[in-house]
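Reviewing the structure listed below.
The values are calculated or read from the model by the stated rules, or taken from the named source; none is laboratory data. All values derive from a computational prediction rather than experimental measurement. Quick reminder, even Gly has a Cβ in these numbers, built from the backbone with ideal geometry, and neighbours come from all protein chains shown. All accessible areas refer to the heavy atoms of the entire protein, side chains included, with ligands and DNA or RNA removed. Shrake-Rupley method; radii C 1.70, N 1.55, O 1.52, S 1.80 Å.
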Amino acid sequence: MAEHCRGENAAADVLYIVVPAYNEEENIGRLIDDWYPVVERHSADGRSRLVIVNDGSKDRTGEIIDEYAEKLPLLEQRRKPNGGHGSALMEGYRYAVKCGADWIFQTDSDGQTLPSEFEAFWNLRGYYDAVIGNRAGREDGKARVFVEKTLLILLRLFFGVRMPDANAPFRLMRRELLAKYLFLLPEDYNLPNVMLTTFFKRFGEKICFRKITFRPRQGGVNSINMKKIIKIGWKALGDFLALRKAVEELN
C-alpha cells in the first residue's frame with residue numbers, strides 16, 4: 001500500500017493510532033471496527049491514520065486488513081518480517097514520526113483495551129506531552145501482574161524511577177516527545193514502551209498516568225507465553241545495563 005506521509009506544515013492535531021498485530025485473525029476485524037471511528041473523529045482533514053503493523057502474521061490477519069482497507073481510506077497496513085511485539089512497535093512509531101503525526105496513540109490488537117476510554121486521554125493533550133495508561137485492575141492473570149510488578153522494581157533499581165505502570169499498551173504521545181527518545185533505542189528493541197516511559201519519567205517530562213480498563217484477551221492465542229516472557233526478561237537485564245549508561249551520559 002502506498003504511504004500517505006503528510007508534510008510538516010499541515011494542520012495540527014493529526015492522530016496516528018499504531019497497533020502491532022501478529023496472527024490476530026480472530027480479533028483484527030473487531031479491532032478495526034472499534035478503533036477506526038476514533039481515527040475518523042480526529043481525522044484532521046483526512047490526514048489521521050489507523051496504522052496496523054503486521055509482524056509477519058501466518059494466518060489471515062493481513063488479508064482481513066486489506067479487505068477493510070479497500071473501504072476505509074484512513075486504514076494502513078505496514079507489513080514486516082516477524083520480529084516480535086517490540087520491533088513492530090518500533091516500526092509503527094518510526095513511521096508515525098516520519099509522517100509528521102502530531103500525536104501518536106498506541107494500543108494492541110487483542111481487544112484488552114477500550115476505545116471508549118480514548119477521549120479522556122485526548123482531552124488531556126493540552127496539559128501533558130504524554131498520557132499513559134495505568135492498568136490498576138488488570139484482568140489478564142496473576143502471572144502477568146507479577147511480571148509487571150517485578151519490572152517496576154527493576155526500573156526503580158536501574159534508573160531510579162517510580163511509576164504505576166511502565167508497559168501499558170494504551171498511551172498518547174506528542175510526536176516531538178516520542179522522537180526525542182525513540183532514536184536512542186535499537187530498531188528491534190524488545191520493550192520500547194517500557195524504556196520510553198522510563199525516559200519520560202527519568203528526565204522529568206510533562207506526563208501523567210491515567211487508570212484504564214484492561215480486560216482478558218478477547219480471542220485467539222497470546223503469542224507471548226511465560227517462557228517467552230522469561231527469555232525477554234533476561235535479555236532486558238542486559239539492555240537495562242547498556243541503556244543506564246546512555247541515560248547517565250544524557251544527564
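When the range 25-44 is filtered for residues that are open to solvent by less than 10 Å² (accessible area, probe 1.4 Å) and either farther than 19 Å from LEU89 by Cα or not in a helix (DSSP H, G or I) (or both), the ones remaining, listed by number, are ASN27, VAL38.
Does GLU119 satisfy the condition of being part of a helix (DSSP H, G or I), surrounded by fewer than 22 Cβ atoms within 10 Å (Cβ to Cβ) and either out of contact with any Cys (no Cβ under 6 Å at 6 or more places or on another chain) or at pLDDT below 95 (or both)? Considered against the rule, which asks whether it is part of a helix (DSSP H, G or I), surrounded by fewer than 22 Cβ atoms within 10 Å (Cβ to Cβ) and either out of contact with any Cys (no Cβ under 6 Å at 6 or more places or on another chain) or at pLDDT below 95 (or both), GLU119 comes out as yes. Going residue by residue through the range 75-90, is there one that turns out to be farther than 14 Å from TYR22 by Cβ, at pLDDT 95 or above and part of a loop (DSSP other than H, G, I, E, B)? Looking through the range 75-90, none of the residues is farther than 14 Å from TYR22 by Cβ, at pLDDT 95 or above and part of a loop (DSSP other than H, G, I, E, B). Of all the listed residues (ALA136, ALA130), the sole one being within 30 Å of ASP102 (Cβ to Cβ), surrounded by 17 or more Cβ atoms within 10 Å (Cβ to Cβ) and of a type in the set (A, V, I, L, M, F, W, C) is ALA130. Report yes if some residue within the range 17-24 is out of contact with any strand residue (DSSP E or B) (no Cβ under 7 Å at 6 or more places or on another chain) and either touching a residue at least 24 places away in the same chain (Cβ under 8 Å) or open to solvent by 10 Å² or more (accessible area, probe 1.4 Å) (or both); otherwise report no. Taking every residue of the range 17-24 in turn, at least one turns out to be out of contact with any strand residue (DSSP E or B) (no Cβ under 7 Å at 6 or more places or on another chain) and either touching a residue at least 24 places away in the same chain (Cβ under 8 Å) or open to solvent by 10 Å² or more (accessible area, probe 1.4 Å) (or both). Close contacts from the range 141-160, counting a first residue that is over 19 Å from LEU243 (Cα atoms) and a second that is open to solvent by less than 50 Å² (accessible area, probe 1.4 Å), with Cβ to Cβ under 6 Å and a gap of 6+ residues or different chains, come to VAL147/ILE229.
Looking only at the range 36-54, residues that are over 14 Å from the mean Cα position of the chain (by Cα) and of a type outside the set (Gly, Ala, Ser) come to 10 in all.
Selection of the range 74-96 for residues being within 24 Å of ASP33 (Cβ to Cβ) and open to solvent by 40 Å² or more (accessible area, probe 1.4 Å) yields ARG78, ARG79, HIS85, GLU91. Just so you know, in the range 204-245 the residues that are open to solvent by less than 80 Å² (accessible area, probe 1.4 Å), among the aromatic types (Phe, Trp, Tyr) and at pLDDT below 95 include one that is nearest to LYS142 (Cα to Cα), and it is PHE214. Taken as a whole, the condition of being at pLDDT 95 or above and either assigned to a strand (DSSP E or B) or among the hydrophobic types (A, V, I, L, M, F, W, C) (or both) applies to PHE105.
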